[in-house]
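Scroll down for the structure; my scribbles are underneath it.
No value in this document is a laboratory result; all are computed from the given coordinates. All values reported here derive from a predicted model rather than from experimental measurement. Cβ placement follows ideal geometry from the backbone for every residue including glycine, while neighbour counts extend to all protein chains displayed.
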There are 2 protein chains.
Amino acid sequence: MNAYDYAVSDRAAALNELKDLLRIPSISALGEYKGDVARAAAWVADHLKKIGLTRVEVSATAGHPVVYGEWLGAAGAPTVLIYGHYDVQPPYNDMATKDPAWQTEPFDPVEKDGNLYARGSADDKGQIYAHIKAVAALLQANGTLPVNVKFLIEGEEETGSTALYEYIPAHAAMLKADVCVISDSHMLATDRPSIVNALRGLMYLEVQMQVAKSDLHSGSYGGLVLNAAQLMAEMLAKLHAPDGSVAVPGFYDAVVPLTPAEREAVAQVLWTDEELLHEAGTLLEQGEREYSRRERVGLRPTLEINGMVSGFTGEGSKTVLPSKAMAKISCRLVAAQEPDDIFDKVSGYIKSLVPESVTLRFLRHGNGLPVKVDIDSPQMQAAVEAVTRGFGAAPVFMPEGGSIPIVATIRSVLNNIPVLLVGFGLPDDNLHAPDEKFSIDQFYRGIDTSIALLEALGRK
Amino acid sequence: MNAYDYAVSDRAAALNELKDLLRIPSISALGEYKGDVARAAAWVADHLKKIGLTRVEVSATAGHPVVYGEWLGAAGAPTVLIYGHYDVQPPYNDMATKDPAWQTEPFDPVEKDGNLYARGSADDKGQIYAHIKAVAALLQANGTLPVNVKFLIEGEEETGSTALYEYIPAHAAMLKADVCVISDSHMLATDRPSIVNALRGLMYLEVQMQVAKSDLHSGSYGGLVLNAAQLMAEMLAKLHAPDGSVAVPGFYDAVVPLTPAEREAVAQVLWTDEELLHEAGTLLEQGEREYSRRERVGLRPTLEINGMVSGFTGEGSKTVLPSKAMAKISCRLVAAQEPDDIFDKVSGYIKSLVPESVTLRFLRHGNGLPVKVDIDSPQMQAAVEAVTRGFGAAPVFMPEGGSIPIVATIRSVLNNIPVLLVGFGLPDDNLHAPDEKFSIDQFYRGIDTSIALLEALGRK
């Protein structure tokens, strides 16, 4: 039985194992789930051992553990570093009250209409597990692998990969590889496969504002004393210009303008009204209208308000003048914007928008350089071959609006090795949202594609 | 022993009883405290019986109970209706996480520097209990009262007095009185007593906004799809004009302009920087700068954002595009603004500020007509005499920025009887805020003033 046949025979087991992993609420952002995150790390490490990797380590960090596993028995063959993450986004904005928008329980995976519904199913447990099962199938079928394989699977991707920024330089020799494979993105459609050729960077900040020593009664001070909710709303409203562009001075200074070739390439992958409505559930748009949808999401930087809160938000009424307000703001960056520089510009602009004696506090929660991928390498040719085999059609290249901030570090520490961003998700997977799902067919095709990719890389 | 001497001898007991009442978390706004609200109603009714009222009733309503008590043994003498409330504001904006701004536990009363710290101490348990103890002292000392007394003490003042709007018309004959006394406000200072001659009205609404079927990943849709947090912030920022006035079209249409005499009278009760800083903890101002501080708070209408929330507000980061946002907005009204008309204008303006296909939902949480008080009645003369006796100085008249919405109903149902707004609070009582307190000296002076008021009204 070859590896593909073995993988087919093992599909039911693979799906059940993935469900086990999805039952662990490994929410890296919330301290109360620290034990579950550790449990997920141990689960991944166990399975790396079970499939036959020769060295598997779970490394404690200041945050959540890093899982490393390797099989180095292919002397002379290239070494492939496969990166992924076992942590997940919080399923609700408020864990205390949940969110009835979920049709199923986020940590109780349910099969429906060919999809597996669970938090983390597509992002990224299902995708990384496809690679694990591909390695398992190759080892089962052949007793060996066509390449050397190293897995680097972290537990802080959803919170900024803090530990990995120390771990990777500290383990540069151990992680040494010829190519890096990452499946933490999506393709256009099952019959329209795509490979990501650009990732946006990230700068995430939280701003806390205080205008008075405590909340005040609106009867006693309404119309007289500064209201933090109002000041915050007015400040947030000034972050964008009327034309939809970001109003922060200097925000676009470092942006490398799109070339006509880039605009032409991205125009090949139109984003129709039907697709947008199906995937996002809305046609209500904002942003820079002089750029196309795909350009706005993949090739242009943005600033978004991810959350805000001030004053009384419970049931009923409280006639309070809020003294405090908080907002979470993130920017998606494109080459050659730098997160530190953008933080300085955004926080400086916010300071300029409020009276001097208002107390402001800034926290940073995330960070990542934008990435442009070389699409002409032999390794990318292997990825094109593998995706063609797995999905029955040649892939197109497409920019991705999301960020995998650690990619820039992997590249810079590991001598700028090629990075292959081969995503098995679909556009309507509801990442970071209620009802996250992963297509079971994409999972199985992902395993096949990974087998083909390792084989193709072995031939390069 | 006369009533004043009896009250002095009974002060320690009165304070301990008040503490008992303050230990009951009778938060009318939050459903989970319904049992505590009922317990507070029963406590008040018990004490009305104990002091010798001849008829005491607790009436169930669709919301929280109404407590009624009467003593009608003064044939031929006037009848005084004393209104107050036993419910309190939520002590925290979020009951789940509390608020470290409180120096003490809100429902564990603590004496410090001559003040009693607890939620509801000034608003309104301490003030209504001063009247109860005044009636007790008169009955103890004299075996009778100089007037007939009716107590009407509700449990929904902080949530809009919903039940009372039905209860008062339904019990108009029972509540019939010659004058109404209300102590649910503050005076300028112990040595600078004041009586309230105007109350602002109230219109409180909640607006819920939805722009997409669910939250979306900012990597997948950032820069493309409408963000509810941003839309809400932009909408809220447009509720005020740059000059600090309310931007809602027609908002000021019904406002009766201030007369030179009104402006002159209110100019007598300046609000200094020192007072504002001491009371509010800030000098950061907003609002209509062409009006004085006292005018802005007492005689001009306002619109305030009492709370807002959207998206991810937990610890850390979540790169989400919020699909929903909520804000609580209230307006303080002055004669002759009508809450229904202002609701229509505010909600209509909000609708005009967002794209048509955004889903908007409005909830109303509060309602109240503004009130202007006749200061020339013989009953007001009695109040002036009583306050002069209780506080050693003649009171000035002062507009109050807060609302006691039920006052307009009491007046209209009970043949426009005079209403005496004799507040025993002080400006720095931290109503609706952390560290609410009631001066113990004001409590005792309040008892004396109430005795004097009932005696003076008996002579009119």
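Please list, in order along segment A:259-271, the HN-Hα scalar couplings obtained from phi with the Karplus expression 6.51 cos²θ - 1.76 cosθ + 1.60 (θ = phi - 60°), rounded to whole Hz, x for Gly and Pro.
Taking θ as phi minus 60°, the curve returns 8, x, 5, 4, 5, 5, 4, 6, 5, 6, 10, 3, 10 Hz for segment A:259-271.
Quick one, what does Rg over Rh come out to for segment B:256-327 if you take C-alpha atoms and the Kirkwood Rh?
On the way: Rg = 19.0 Å, Rh = 15.8 Å.
The Rg/Rh ratio comes out at 1.20.
P(r) for segment B:1-150, please, calculated from all Cα pair distances in 10 Å bins and given in %.
With 10 Å bins starting at 0, P(r) equals 11, 37, 32, 15, 4, 0.
Give or take rounding to whole Å, what are the principal axis extents of the alpha carbon atoms in segment A:159-200, in descending order?
41, 27, 15
Report the far tail of the P(r) of segment A:85-137, meaning the percent of Cα-Cα pairs longer than 13 Å.
Details: 892 of 1378 pairs.
Every Cα pair in segment A:85-137 considered, those over 13 Å come to 65 percent.
Only Lys, Arg, Asp and Glu count, each charged at its Cβ (+1, +1, -1, -1), so figure out the dipole size of segment A:165-291 about its Cα centre, rounded to 20 debye.
Numbers: 7 positive and 18 negative charges, 99 e Å.
The calculation lands at about 480 debye.
Which whole number gives the average, over all residues in A:274-280, of C-beta atoms from other chains lying within 10 Å of the residue C-beta?
If you average over the peptide's residues, the count of other-chain Cβ atoms is 3.
5 Å is the cut-off here: which amide hydrogens, built 1.01 Å from N in the peptide plane, fall below it relative to residue B:202, excluding neighbours closer than 5 in sequence?
Correct list: B:333, B:368, B:369.
Note the direction-averaged projected area, equal to a quarter of the hull surface, for the Cα convex hull of the protein assembly as shown, in nm².
Directional mean of the projected Cα hull area for the protein assembly as shown stands at 39.0 nm².
For Cα pairs less than 8 Å apart in space and 6+ apart in sequence, what is the mean separation divided by the residue count of segment B:1-151, i.e. the relative contact order in percent?
33
Between segment B:118-196 and segment B:289-353, what's the alpha-carbon centroid distance in Å?
Each part's Cα centre sits 31 Å from the other's.
Given the rule -39500 (n - 2.57) for each run of at least 4 DSSP H residues, summed and divided by the residues of chain B, what is its mean residue ellipticity at 222 nm, to the nearest 500 deg cm²/dmol?
Values: 15 runs with 157 residues, N = 460.
So the helix-based figure for chain B works out to -10000 deg cm²/dmol.
Evaluate peptide A:25-33: per residue, the Cβ atoms of other protein chains within 10 Å of its Cβ; return the mean as an integer.
That works out to 2 on average.
Output the Cα-based Rg and Dmax of segment A:271-407 in Å, rounding Rg to one decimal and Dmax to a whole number.
20.7, 66
Over segment A:253-405, what relative contact order in percent results from Cα pairs under 8 Å that are six or more residues apart?
Taking the mean separation of contacting Cα pairs over the length of segment A:253-405, I get 24 percent.
List the residues whose amide H sits under 5 Å from the amide H of residue A:359, counting only those 5 or more places along or on another chain, with H placed 1.01 Å from N in the peptide plane.
For residue A:359, the qualifying residues are A:210.
With charges only on Cβ, +1 for K and R and -1 for D and E, what is the dipole size of segment A:293-390 about its Cα centre, in debye, rounded to 20?
380
Viscosity 0.890 mPa s, temperature 25 °C: Stokes-Einstein D of segment B:112-175 from its Kirkwood Cα radius, in µm² per second?
In µm²/s, the coefficient is 171.
Kindly rank A:354-361, B:102-109 from highest to lowest mean number of other beta carbons found within 10 Å of each residue.
B:102-109, A:354-361
Given the convex hull of the Cα atoms of chain B, what is a quarter of its surface area in nm²?
For chain B, averaging the hull's shadow over all directions gives 22.6 nm².
When the distances between all Cα atoms of segment B:371-460 are binned every 5 Å from zero, what whole-number percent does each bin get?
Using 5 Å bins, I get a P(r) of 3, 12, 20, 21, 22, 15, 6, 1, 0 for segment B:371-460.
Starting from the amide H of residue A:194, placed 1.01 Å from N in the peptide plane, find each other amide H under 5 Å away whose residue is 5 or more places distant or on another chain.
A:188, A:189, A:396
Compute the Cα gyration tensor for segment B:327-401, then decide on rounded, prolate or oblate, letting a ≥ b ≥ c be the square roots of its eigenvalues: rounded whenever a/c is under 1.5, prolate when a/b is larger than b/c in the other cases, and oblate in all that remain.
prolate
How large are Rg and Dmax for segment A:22-76 when only the alpha carbon atoms are used, in Å?
Answer for segment A:22-76, Rg first and Dmax second: 13.2, 46 Å.
Hey, what's the Cα Rg ratio for segment A:101-246 versus the globular rule of thumb, 2.2 N^0.38 Å?
Against the empirical 2.2 N^0.38 Å value, I get 1.65 for segment A:101-246.
Sticking with the crude label model, points 7 Å out along Cα→Cβ, report the distance from residue A:441 to residue A:273 in nm, one decimal please.
2.7
Expressed as an acute angle from 0 to 90° and rounded to the nearest 10, what is the orientation of the C-alpha long axis of helix B:378-391 relative to the principal long axis of chain B?
90
For labels at residue A:189 and residue B:247 in the simple 7 Å Cα→Cβ model, what's the distance in nm?
About 4.3 nm, to one decimal.
Please get the size of the charge dipole for segment A:1-75, origin at its Cα centre, with Cβ charges of +1 on Lys and Arg and -1 on Asp and Glu, quoted in debye to the nearest 20.
Approximately 80 debye in magnitude.
I'd like the distance between the alpha-carbon centres of segment B:259-280 and segment A:1-43, rounded to an integer number of Å.
A separation of 67 Å, based on Cα centres.
Applying the Karplus parametrisation 6.51 cos²θ - 1.76 cosθ + 1.60 with θ = phi - 60° to the phi angles of segment B:165-173, what ³J(HN,Hα) value in whole Hz is obtained for each residue in order, glycine and proline being reported as x?
Listing the rounded values in order: 5, 8, 5, 5, x, 5, 10, 4, 5 Hz.
Using a Förster distance of 22 angstrom, determine the FRET efficiency expected from the C-beta separation of residue B:374 and residue B:341, and round it to 0.05.
0.30
Take segment A:35-124, drop everything but the C-alpha atoms, weight them equally and run the Debye formula without solvent; then report log10 I(q)/I(0) at 0.14, 0.22 Å⁻¹ to two decimals.
Scattering profile of segment A:35-124, log10 relative to I(0): -0.68, -1.16.
In peptide A:426-435, what is the residue-averaged number of other protein chain Cβ atoms found within 10 Å of each Cβ?
The mean count of partner-chain Cβ atoms within 10 Å per residue comes to 5.
Would you mind putting A:304-314, B:50-60 in packing order, based on average other-beta-carbon counts within 10 Å, highest first?
A:304-314, B:50-60
From the phi angles alone, apply the Karplus equation (6.51, -1.76, 1.60; θ = phi - 60°) to segment A:299-312 and give each ³J(HN,Hα) in whole Hz, x where the residue is Gly or Pro.
Ordered by residue, 3J(HN,Hα) equals 10, 10, x, 9, 10, 10, 8, 8, x, 7, 7, 7, x, 8 Hz.
Between residue B:396 and residue B:112, what is the label-to-label distance in nm when each label sits 7 Å out along the Cα-to-Cβ direction?
About 3.1 nm, to one decimal.
Treating cross-link reach as a plain straight distance, find the aspartates and glutamates whose alpha-carbon is under 19 Å from the alpha-carbon of residue A:176, omitting any fewer than eight places away in the same chain.
Within the straight-line limit of under 19 Å, residue A:176 reaches these aspartates and glutamates: A:57, A:70, A:154, A:166.
Could you work out the relative contact order of chain A, using alpha carbon pairs under 8 angstrom and six or more residues apart, expressed as a whole percent? Intermediate values should be presented prior to the final figure.
On the way: 966 pairs, mean separation 116.5, N = 460.
That works out to 25 percent.
Do any of A:213/A:351; B:238/B:318; A:50/A:372 go past 25 Å between their Cα atoms, and which? If you can, show how the numbers build up before the last one.
Values: A:213/A:351 19 Å; B:238/B:318 28 Å; A:50/A:372 36 Å.
Too far apart for the 25 Å limit: B:238/B:318; A:50/A:372.
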